[in-house]
Amino acid sequence: MQAVSRKTIMRILIVSLTLSLLLLAAVLFTTRWSPDREWAAKVVIESGEIRDLLDEFRKSQGEFPSSLEELNASYRQPTDYQTRNGSTPEKGRWFYERIGKEDYQLYACARTWVSYYDAMVYRYSESFCDPWTSSLKKSHYLPLGKWRYFRGFSVFTERFYFDEDGDWQDPFRGRPY
C-alpha cells in the first residue's frame, strides 16, 4: 500500500472544508429570517375589532382594562401563524398587557420554537421602549405602522416588565444579556 502524499491530503482537506462551508452558507441562506408580510397584514386587519373595543372601554371607564376579560364582548381572534397557509387556518389568540392607564400592548404569536417565539406587537402609544429598539439589529424587527414584527419577542417579555407607571424595568440590572 502506497502512502498518500501530504499535498494530496491538504487538497482533500481544503476541498472538504470548502464544500462544508458552501453547504452551511446554503442552509443559512434558505433558512434566513423573513417575516410573513401577508400574515402580518392580516393580523393588523383582524385586530381592528379588539382595538375598537379597547378604545370604547377607555372612553367609558377612563382607562384601559387590566385584562381582555373585562371587555365582556366577543372579538375576532388572529389567524394562527403555523396553520396560516392551510385550507382552513386555525385561530390564534391575542395577548394583552396594560401599560399604565394610557397605554397597552397587544400581540399575536408568530413562529414558535421550543424556547422562544416571534410576535406581531401593537403599542397604542407607538412608543417601543429603548431596550427593544436600541439593542436590536434592524434585521430583528420590522416596523409596520403602530405594529412591529419582532424576531425572538419572548426574549423581551422574559427579560423586562412594565411597572405601574408604564416604565420598562429590568429585574436583573447590570446582568449582561
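None of the figures in this text is laboratory data; all of them are computed from the coordinates on show. Keep in mind it's a predicted model, so treat the numbers as computed, not measured. Note: ideal-geometry Cβ built from the backbone for every residue, glycine included; neighbour counts use all protein chains shown.
³J(HN,Hα) across region 76-87 via Karplus (A = 6.51, B = -1.76, C = 1.60, θ = phi - 60°), whole Hz, x for Gly/Pro?
Result, ordered by residue: 6, 8, x, 5, 5, 5, 5, 9, 4, 9, x, 5 Hz.
Could you list the GluC sites (Glu not before Pro) in region 1-91 that lie in coil according to DSSP, counting only those with at most 14 other Cβ atoms within 10 Å of their Cβ? Mind showing how you got there, number by number?
Numbers: sites: GLU38, GLU46, GLU49, GLU56, GLU63, GLU69, GLU70, GLU90; in loops: GLU63, GLU90.
Of the GluC sites (Glu not before Pro), the ones in loops of region 1-91 whose Cβ has at most 14 other Cβ atoms within 10 Å are GLU63, GLU90.
What residues have an amide H closer than 5 Å to that of TYR104, excluding those fewer than 5 places away on the same chain, when H is modeled at 1.01 Å from N in the peptide plane?
ILE99, TYR124, SER125
By the gyration tensor of its Cα atoms, with a ≥ b ≥ c the square roots of the eigenvalues, what is the shape of region 3-97: rounded for a/c under 1.5, prolate for a/b over b/c, or oblate?
On the way: a/c = 5.63, a/b = 3.80, b/c = 1.48.
Since a/c reaches 1.5 and a/b is larger than b/c, the shape of region 3-97 is classed as prolate.
Among the trypsin sites (Lys or Arg not before Pro) within region 51-80, which fall in a DSSP loop and have no more than 15 other Cβ atoms within 10 Å of their own Cβ? All intermediate terms of the calculation are to be shown ahead of the outcome.
Working: sites: ARG51, ARG58, LYS59, ARG76; in loops: ARG76.
Within region 51-80, the qualifying trypsin sites (Lys or Arg not before Pro) (loop, at most 15 other Cβ atoms within 10 Å) are ARG76.
Mind listing which chymotrypsin sites (Phe, Trp or Tyr not before Pro) in region 28-102 are in a DSSP loop and have 12 or fewer other Cβ atoms within 10 Å?
Details: sites: PHE29, TRP33, TRP39, PHE57, TYR75, TYR81, TRP94, PHE95, TYR96; in loops: TRP33, TYR75, TYR81, TRP94.
Loop-located and lightly packed - TRP33.
Using the Karplus curve 6.51 cos²θ - 1.76 cosθ + 1.60 with θ = phi - 60°, work out ³J(HN,Hα) for each residue of region 55-71 in order, rounded to whole Hz, and write x for Gly and Pro.
For region 55-71, the Karplus curve yields 5, 4, 4, 5, 5, 7, 9, x, 7, 6, x, 6, 8, 5, 4, 6, 5 Hz.
Taking the Cβ of each residue in VAL15, VAL121 as the centre, tally the other Cβ atoms inside 10 Å and list the residues starting with the fewest. List each step's numbers first, then the result.
Details: VAL15 10, VAL121 23.
With the fewest neighbours first, VAL15, VAL121 line up as VAL15, VAL121.
Give me the number: length gained by fully extending LYS101 to ALA3, i.e. 0.36 nm times residue separation minus the C-alpha to C-alpha distance, one decimal in nm. The partial results should precede the final answer.
Details: separation 98, 0.36 × 98 = 35.28 nm, distance 7.91 nm.
Using 0.36 nm per residue and subtracting the Cα-Cα distance, I get 27.4 nm.
Which length gain, in nm to one decimal place, applies between LYS91 and GLU63 when the Cα-Cα distance is subtracted from 0.36 nm times their residue separation?
Details: separation 28, 0.36 × 28 = 10.08 nm, distance 2.82 nm.
Separation in residues times 0.36 nm, less the Cα-Cα distance, equals 7.3 nm.
Label points 7 Å out from Cα along the Cβ direction at THR83 and THR18: separation in nm?
Result: 4.9 nm between the two label points.
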